[in-house]
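Quick one: the structure is below, and I'll ask about it shortly.
Read the figures in this text as sums done on the coordinates, not as results from a lab. Bear in mind that the values here come from a model prediction, so they are computed numbers and not experimental data. All Cβ positions, even for glycine, are placed from backbone atoms using ideal geometry, and neighbour counts span all protein chains on display.
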Amino acid sequence: MSPAAITSAAPLPSFPTKADPISSTKPIITPSTTFSLSISTPKSHLIPAWVQPDLSRLLRVEHTPSPFASRAVSLVSLPAGALFARITAPTPSVSAYSSVQATRDLHVELNSDLVYINHSCRPSLEFDMARWEIRVVADKADGLRAGEELTNFYPSTEWHMAQPFECRCGESVCRGQITGARDMSEKDLSNYWLNAHIEELLEERRASGY
């Protein structure tokens with residue numbers, strides 16, 4: 001997970017330097033629900049990209065020199081609720097700016113260009129960590145459009161962010177400082193789809209009277 005912008009004056013934690021995942025600069029764009037085939041079409045492209053998965057056919061990473069400003073852009077159009085990609089290469093990790101919380105006790109690194117999916121308070125995608133898949137937000141009126149930035153609401157997976165940040169998504173519903181679901185009201189969280197481990201931790205918070 002890669003926060004789009006961090007404006008806190010506090011110094012950033014020191015993390016090991018990691019090379020950016022290699023992204024295809026000229027991906028083959030395949031329509032999401034229909035396939036126009038010819039004799040020259042590779043057989044591998046008879047399989048939808050989200051089944052293989054082949055991220056170079058699903059997203060493009062736009063790299064910038066500014067910290068945390070690189071982003072992922074969709075190459076496909078999909079209806080609301082549709083499967084975008086499966087998470088196929090996770091490895092266990094400590095809680096970090098780049099990790100995703102998969103259960104109440106497990107954090108993982110995605111080890112793919114999915115790490116460039118930034119936060120938004122009006123996200124285009126949902127990370128379902130119980131199913132290890134990423135879907136288009138179920139109530140997204142126009143679905144996902146090719147060329148649209150791929151975003152996720154971080155507190156839907158993160159109970160407490162290892163590196164809180166000031167959101168600059170620019171949406172009318174922007175929540176400002178993003179620290180994780182732990183510090184948000186149930187009223188605000190009710191506007192979002194949440195993972196089961198977040199729901200479970202919220203129930204514990206409720207029972208404790210917090």
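Scan around Trp159 for amide H atoms under 5 Å from its own, H built in the peptide plane at 1.01 Å from N, and keep only partners 5 or more places away or cross-chain.
Those qualifying (amide H under 5 Å, at least 5 residues apart or on another chain) are Ala181.
Here is a follow-up. Tell me, what ³J(HN,Hα) does each residue in region 99-107 have, in order and in whole Hz, if you take phi through Karplus 6.51 cos²θ - 1.76 cosθ + 1.60 with θ = phi - 60° and put x for Gly and Pro?
8, 10, 7, 9, 9, 5, 10, 10, 10
For Glu133, what is the net charge nearby, where nearby means another residue's Cβ is under 11 Å from its Cβ and Lys, Arg count +1, Asp, Glu -1?
Local net charge: +1.
Shifting gears a bit: Which whole-number percent of Cα pairs in region 161-210 have a distance greater than 12 Å?
On the way: 842 of 1225 pairs.
Here the tail beyond 12 Å accounts for 69 percent of pairs.
Quick one: check the C-alpha center-to-center distance for region 104-120 versus region 140-200, whole angstrom.
What the calculation gives is 13 Å, centre to centre.
Over the C-alpha atoms of region 45-207, what are the Rg and the largest Cα-to-Cα span, Dmax, in Å?
Rg, Dmax (Cα atoms, Å): 15.2, 51.
What does the charge count around Gln177 come to, taking other residues whose C-beta lies under 9 Å from its C-beta (Lys +1, Arg +1, Asp -1, Glu -1)?
-1
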